[in-house]
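This report refers to the structure that appears directly beneath it.
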Amino acid sequence: MNKLIYSVEDKPPFFLSLLLGAQHLLAALGGIIAVPLVIGNVLQLPSSDTIILVNAALLISGVVTMIQCQGIGPIGIRLPSVMGTSFTFVAAALAIGFSQDGVAGILGASLVGSLVMIIGSFFMPTIRKLFPPVVTGTVVMMIGLSLIPVAVDWFAGGQRGDAQYASPQNLAMAFFVLTIVVVLVQWGKGIFSAAAIVIGMFTGYITALLLGWIDFSGVQQAEAFALPQPLHFGLAFPISGIIGMSIAYLVTIVESSGNFLALGNATQTEISGKHLRGGVLCDGLGSALAAMMSTTPFSSFSQNIGVISLTGVASRYVVTITGALLMLAGLFPVFGALIVSIPLPVLGGAGLMMFAMIIAAGIQMLDKVERNKRNGLIIAISIGCGLAVTTRPEILDKLPSFVKEIFGSGITVGSLLALTLNLVLPHDNTE
């Protein structure tokens, strides 16, 4: 296991913490704004309404991240966990959004559905017992594997089918950033190793700027300052929507549990049922707050676990600063627009390395698991089926919509299979 430069309770100097916090911000920002952008675009909301969804997502992500890191009473895991809007809820949200209830129905169903997570959090000490090392290692590995296609698309500069997808210049830029990050992590000392990702991305950004790649139109159009708008869309409570959202919250409990266990491995912290209860309770309450403040539900971000694994900086103080930066991005949209102007290959160069580190962490955890037929089956079936959904999501296209909603994520499929197989397969005492 890699030696940590800063452990969970360490407080690096303020300006170094600011730099390290910005590193987490860069890793998370795209994911946080992606969900409200998708919902706004697909539902063809006016741009002013989409902006309200995005600004609220950034602001509340910041608030919930700070609470998750620092804790308030029983709320919060008190580990460096970045919180953001979750893609798990997109299918349910769009189904509600196309009905007569629109965005008000999405937010009302989110508010009521969050009770599933809030109540579920109190059963986490029991659920923790369902995650022995063979399950935990499989889930952590599946988290990393499911993120790789995202990093590859960033690396190539867009989506398959785009004119410039995997163009030589995009690949060259991504490899350039990747090389800087690897060199700094391996041979850099002090700040150069700890801040390898942000230094690599900054170097890539300046290079892209000199090459004329940066599009500042979004920065010019962004407002300088924006106040949050609670209940801007109102609230409606469609029964079918509440059921759909509640299912999505159940799935998120499984995903968040996996993320928190992976976070424990990255920060070298033994994750207890109490940790999981605080983390999932913060997820649920944060999602309820998000609904009141006019944006979609939250969960923990797995990509930031890769930042910790890669840099060895596990300080929750650093990620609390990330939360403060996210709040600023929500209040000053021009700040967020500047971050969004980073070209995808620059993100991809760092992202591929970060997400691959999560896979490496999963392999290291599984290396400690007893090698026998039973454990081999659990690992193989869980990862095989999880990857099937991740790499070929259309495999679920002809199944009922509720099946796609539950099993649309490779992380969920892999996690549920690992949990189920561990309970069902008999232990062979002769092995």
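The values are calculated or read from the model by the stated rules, or taken from the named source; none is laboratory data. None of the values given here were measured: they were computed from a predicted structure. A quick note on method: Cβ atoms are made from the backbone with ideal geometry, for glycine too, and the neighbour counts reach across all protein chains shown. With ligands, DNA and RNA removed, areas are computed over all heavy atoms of the protein, side chains included. Shrake-Rupley method; radii C 1.70, N 1.55, O 1.52, S 1.80 Å.
The set of residues from segment 45-59 being of a type outside the set (Val, Ile, Thr) and either buried (at least 23 other Cβ atoms within 10 Å of the Cβ) or assigned to a helix (DSSP H, G or I) (or both) comprises 47, 48, 49, 53, 55, 56, 57, 58, 59. Going by the conditions given, is residue 335 without any contact (Cβ under 8 Å) to a residue 24 or more places away in the chain, crowded, with 16+ Cβ neighbours inside 10 Å and closer than 30 Å to residue 198 by Cβ? So residue 335 fits the description; yes.
Would you mention how many residues in segment 92-139 are of a type in the set (A, V, I, L, M), closer than 17 Å to residue 275 by Cα and crowded, with 20+ Cβ neighbours inside 10 Å? Talk me through it step by step, then tell me what you get.
Looking only at segment 92-139, we keep the residues that are of a type in the set (A, V, I, L, M), and these are 92-96, 103-104, 106-107, 109, 111-112, 115-119, 124, 127, 130, 134-135, 139.
Add one more test, that the residue is closer than 17 Å to residue 275 by Cα, and what stays is 117-119, 124, 127, 130.
Narrowing the set further to residues that are crowded, with 20+ Cβ neighbours inside 10 Å leaves 117, 124.
Qualifying residue count for the region: 2.
For beta carbons closer than 8 Å, sequence separation of 6+ or different chains, a first residue in segment 122-134 that is of a type in the set (Phe, Trp, Tyr) and outside any helix (DSSP H, G or I) and a second that is modelled with pLDDT of 85 or more and surrounded by 18 or more Cβ atoms within 10 Å (Cβ to Cβ), the qualifying pairs are 131/139; 131/257; 131/261; 131/419. Just wondering, is there one or more residues in segment 94-105 that are modelled with pLDDT of 95 or more, small (Gly, Ala, Ser) and either in a helix (DSSP H, G or I) or more than 22 Å from residue 321 (Cα to Cα) (or both)? Checked segment 94-105: at least one residue is modelled with pLDDT of 95 or more, small (Gly, Ala, Ser) and either in a helix (DSSP H, G or I) or more than 22 Å from residue 321 (Cα to Cα) (or both). Within segment 52-77, the set of residues being touching a Cys at 6+ places or on another chain (Cβ under 7 Å) and not aliphatic (A, V, I, L, M) comprises 68, 76.
Could you list all residues from segment 67-85 that are open to solvent by 10 Å² or more (accessible area, probe 1.4 Å) and either touching a strand residue (DSSP E or B) at 6+ places or on another chain (Cβ under 9 Å) or not hydrophobic (A, V, I, L, M, F, W, C) (or both)? Explain how you work it out, then say what you get.
Let us first name the residues in segment 67-85 that are open to solvent by 10 Å² or more (accessible area, probe 1.4 Å), namely 67, 70-75, 78.
67, 70, 71, 73, 74, 78 - these are the residues of segment 67-85 that are open to solvent by 10 Å² or more (accessible area, probe 1.4 Å) and either touching a strand residue (DSSP E or B) at 6+ places or on another chain (Cβ under 9 Å) or not hydrophobic (A, V, I, L, M, F, W, C) (or both).
Of all residues in segment 389-407 being out of contact with any Ser or Thr (no Cβ under 8 Å at 6 or more places or on another chain) and in contact (Cβ under 8 Å) with a residue 12 or more places away in the chain, which is most open to solvent (accessible area, probe 1.4 Å)?
The selected residue is 402.
The combined condition, being part of a helix (DSSP H, G or I), aliphatic (A, V, I, L, M), modelled with pLDDT of 95 or more and under 20 Å from the mean Cα position of the chain (by Cα), is fulfilled by residue 325. Within the option set 252, 269, 320, being within 20 Å of residue 79 (Cα to Cα), open to solvent by 10 Å² or more (accessible area, probe 1.4 Å) and either of a type in the set (Gly, Ala, Ser) or in a helix (DSSP H, G or I) (or both) holds for one residue only, 320. Screening the candidates 312, 273 for the property of being touching a Pro at 6+ places or on another chain (Cβ under 6 Å) and modelled with pLDDT under 95 yields one hit, 273. Please enumerate the residues belonging to segment 382-403 that are more than 23 Å from residue 144 (Cβ to Cβ) and in a helix (DSSP H, G or I). 401, 402, 403, listed by residue number. Filtered by the rule that a residue be of a type in the set (Gly, Ala, Ser) and farther than 15 Å from residue 248 by Cβ, segment 380-431 gives 380, 382, 384, 386, 388, 410, 414, 418.
Quick check on my filter: what residues within segment 166-185 are of a type in the set (Gly, Ala, Ser) and either within 30 Å of residue 5 (Cβ to Cβ) or within 25 Å of the chain's Cα centre (by Cα) (or both)? Don't jump to the end; show me each part of the working.
The initial filter retains those residues of segment 166-185 that are of a type in the set (Gly, Ala, Ser), namely 166-167, 172, 174.
Passing the criteria: 166, 174.
Summed over segment 5-44, residues that are open to solvent by 40 Å² or more (accessible area, probe 1.4 Å) and not in a helix (DSSP H, G or I) total 8.
Looking at 31, 40, 21 in this structure, which one is at pLDDT below 90, touching a Ser or Thr at 6+ places or on another chain (Cβ under 6 Å) and within 25 Å of residue 227 (Cβ to Cβ)?
40
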